[in-house]
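Right, one structure below, let's go through it.
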Amino acid sequence: MGNSMPARPVPCKVLQVDELHVYVYETRGEMGLAAALDVAAAMRRILAERPARMIFAAAPSQNELLAELAAMDGLNWGRVEAFHMDEYVGLPENAPQRFGYFLRLHLFDMVHPGRVEYMNGNAPDPAAECRRYAALLAERPVDIVCAGIGENGHMAFNDPHVADFDDPQTVKVVTLDQVCRLQQVHDGAFPTLDAVPDRALTVTMPALMAAQQIFCVVPGPTKAEAVFKTLRGPIGEHCPATAMRRHPQATLYLDVASAAHIL
């Protein structure tokens, strides 16, 4: 890429819904690049003063954002403390579906953050692992969350039946609903519904919303209904992503497919 920054793509539609800024792009590539440029700009502002603490989603929806971030010049990743927002319980250590593995493959092994903290989905005491990870997150405020939205409106693994906007926990063990588990099949991560674990560890909604800035990337036609509910429905745990509409510095990036019901 040289030393020049790529031009920020021009959105085909710009919205604001309550506090949430929304940008719609013609293609997934434009969406991912725009989000990456905004994340990088936020990182530079923080890194000029102190290390940056970031939480990343791990899903195919994040591919364009992560690829652009990995290729971005001038980011001091050595001063980044990286976390991920969820992990399956009980998958083998070498399973490619593990979210820690996904982020290593798509970002961490390319940019080498100064610190990476992984959730252990195979910890003998999952509740104790949640407390351990929560303590790491509590060391200092989180600066940036790079998020997605699930087909059921979840963020991380806060499915509607377990999401709690006033959750007293920072990380918790959850049971995944069928829509969420089917999404993993639709994404090609698992061959069948039976192969998808039914429990996971997740950073909770209040912990995600406590970040200074949220950059949420949501492409594709399978997310169109969730995007509609996020932007046009009432705010509540029935669609956890609606919580972003109350966040003072949250931005949602869509492509025309995911934005189909709001265009």
| task | Residue by residue through region 68-93, note down the ones that are closer than 26 Å to HIS154 by Cβ, surrounded by fewer than 17 Cβ atoms within 10 Å (Cβ to Cβ) and not aliphatic (A, V, I, L, M). | result | GLY90, PRO92, GLU93
| request: Would you please name the residue that is farthest from the chain's Cα centre (by Cα), looking only at residues in region 228-258 that are part of a helix (DSSP H, G or I) and over 12 Å from GLY153 (Cα atoms)? | output: ARG232
| message | Can you go through VAL185, VAL162 and tell me which one is of a type in the set (A, V, I, L, M) and either touching an Asp or Glu at 6+ places or on another chain (Cβ under 7 Å) or closer than 10 Å to PRO240 by Cα (or both)? | response | VAL162
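Okay, residues lined up against (1) at pLDDT 95 or above; (2) farther than 14 Å from THR251 by Cβ; (3) among the β-branched types (Val, Ile, Thr):
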residue	(1), (2), (3)
SER4	no, yes, no
ASP18	yes, no, no
ARG28	yes, yes, no
ALA35	yes, no, no
VAL39	yes, no, yes
ARG44	yes, yes, no
ALA48	yes, yes, no
PRO51	yes, yes, no
MET54	yes, yes, no
| request: Within region 215-227, work out how many residues are in a loop (DSSP other than H, G, I, E, B) and buried (at least 23 other Cβ atoms within 10 Å of the Cβ). | output: 1
| query | Does any residue in region 140-154 that is in contact (Cβ under 8 Å) with a residue 12 or more places away in the chain come within less than 8 Å, Cβ to Cβ, of a residue that is among the polar types (S, T, N, Q) and assigned to a loop (DSSP other than H, G, I, E, B) six or more places away or on a different chain, and which pairs are these? | reply | PRO141/GLN212; VAL142/GLN212; ASP143/GLN212; ILE144/GLN212
| message | Any residue at all in region 231-253 that's more than 21 Å from HIS84 (Cβ to Cβ) and touching a Cys at 6+ places or on another chain (Cβ under 9 Å)? | response | yes
| request: Return yes when GLU139 is over 29 Å from THR222 (Cα atoms), over 17 Å from the mean Cα position of the chain (by Cα) and crowded, with 20+ Cβ neighbours inside 10 Å and no when it is not. | output: no
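Which one of ALA195, ALA189, ALA211 is touching a Lys or Arg at 6+ places or on another chain (Cβ under 9 Å) and more than 21 Å from HIS238 (Cβ to Cβ)?
On the way: ALA195 fails: touching a Lys or Arg at 6+ places or on another chain (Cβ under 9 Å); ALA189 fails: touching a Lys or Arg at 6+ places or on another chain (Cβ under 9 Å).
That would be ALA211, the only listed residue that is touching a Lys or Arg at 6+ places or on another chain (Cβ under 9 Å) and more than 21 Å from HIS238 (Cβ to Cβ).
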| request: Consider PHE157 carefully, then state whether it is buried (at least 22 other Cβ atoms within 10 Å of the Cβ), of a type in the set (Phe, Trp, Tyr) and out of contact with any Gly (no Cβ under 7 Å at 6 or more places or on another chain). | output: yes
| Filtering region 48-58 down to residues that are crowded, with 19+ Cβ neighbours inside 10 Å and of a type in the set (A, V, I, L, M, F, W, C), which residue is farthest from ILE149 (Cα to Cα)? | ALA52
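One line per residue, one yes/no per condition, for (1) of a type outside the set (D, E, K, R); (2) under 30 Å from ALA224 (Cβ atoms); (3) at pLDDT below 95:
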| residue | (1), (2), (3) |
| --- | --- |
| LYS13 | no, yes, no |
| ALA59 | yes, yes, yes |
| GLY90 | yes, no, yes |
| LEU105 | yes, yes, no |
| Among the numbered criteria (1) surrounded by 16 or more Cβ atoms within 10 Å (Cβ to Cβ); (2) touching a strand residue (DSSP E or B) at 6+ places or on another chain (Cβ under 9 Å); (3) more than 20 Å from CYS146 (Cα to Cα); (4) not hydroxyl-bearing (Ser, Thr, Tyr), which single criterion is violated by ASP255? | (3)
| Which one of these does ARG181 not meet: (1) more than 20 Å from ARG53 (Cα to Cα); (2) under 18 Å from the mean Cα position of the chain (by Cα); (3) in contact (Cβ under 8 Å) with a residue 60 or more places away in the chain? | (3)
| request: Would you point out the residue of region 27-47, among those that are surrounded by 14 or more Cβ atoms within 10 Å (Cβ to Cβ) and of a type in the set (D, E, K, R), that is nearest to VAL256 (Cα to Cα)? | output: ARG28
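The values are calculated or read from the model by the stated rules, or taken from the named source; none is laboratory data. All of these numbers come straight from a predicted model, not from anything done at the bench. All Cβ positions, glycine included, derive from the backbone under ideal geometry; neighbour counts span all protein chains shown.
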